[in-house]
Amino acid sequence: MTREVAPKDAVAISARLHVSPHPLVREKLTRLRDERTPPTEFRHLVNQIATLVLYEATADLALTDSEIRTPLAAYRGAKLKETVGLVPVLRAGIGMVEAALDLVPEAQVWHIGLFRDERTLRPIEYYNKLPSEATAQVCLVLDPMLATGGSATATVDVLKRWGAKRIPEGVATLSSAHPDVPIHIAALDDHLNEKGYIVPGLGDAGDRQFGT
Ligand code: PRP
Ligand code: URA
């Protein structure tokens, strides 16, 4: 029986690694892992877990004043200060975009295409249409899986070269390559198998979402 790593162990990896303590995340993640879960339910669960983890990951977004009127009085409220960029890593990150846009509807979406070479497990970039100048100050990298960390590290490399100032994400490789980048995840799993798959994990997140 394989297991998740206790949340306290996450601190030993990086103070910037946040494993969600939410009971709903743990319950939904168990259904996501279940090999009997079909693609329709799998997609729904990815969306719901993304909402819960993104709620935690966006807790430090900066605000600025926003003056409005209610039907009764003037009111000084708040709006987001910085432009948010959502960066789904193709393919599996697509399943987190809707949840992120529901929370931050004005966010820009910039897709990055990466796949892992099955032999070397190194990420190969195949899609990147970022304009030359950064147009988002805070980038949220969206990917349901972080195994060797190669794909996430490559994505953060691209975003830092682009000029994004802050990149909160969702482990050891990533945090040592980019110690300044917060990582928000639903769970920290036991180990990678000889093919680089997360154990217990949930299999191939792209295949399970898209029925391939
Ligand atoms: C999966 C996943 C991550 C990557 C994680 O994508 O969505 O992007 O693997 O592995 P790593 O941390 O070892 O780099 P995959 O390469 O299977 O591509 P796909 O989503 O197109 O199937
Ligand atoms: N990518 C996946 O989709 N699953 C894993 O376990 C590892 C990488």
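The table that follows gives values for the structure above.
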item	result
Within the stretch 1-101, GluC sites (Glu not before Pro) in DSSP loop having at most 12 other beta-carbon neighbours inside 10 Å	Glu35
Hydrodynamic radius of the chain per Kirkwood, over alpha carbon pairs, in Å	18.0 Å
Greater than 27 Å apart at Cα, pairs in Lys81/Lys160; Lys81/Lys129; Lys79/Lys160; Lys28/Lys79; Lys28/Lys160	Lys28/Lys79; Lys28/Lys160
Within the chain, helix-based [θ] at 222 nm, where runs of 4 or more DSSP H residues each add -39,500 (n - 2.57), nearest 500	-9500 deg cm²/dmol
P(r) weight above 18 Å for the stretch 103-165, C-alpha pairs, percent	38 percent
Unit charges at the beta carbon, dipole of the stretch 24-154: most positive-side option, Ile68, Pro38, Ile124	Pro38
Total charge dipole magnitude, the chain, about the Cα centre, Cβ charges on Lys, Arg, Asp, Glu only, Debye to nearest 20	160 debye
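All of the numbers you see were taken from the coordinates with simple rules; none came from a lab. Given the structure is predicted, the values throughout are model-derived calculations rather than measurements. Positions of Cβ are generated from backbone atoms using ideal geometry, with glycine treated the same way; all protein chains shown enter the neighbour counts.
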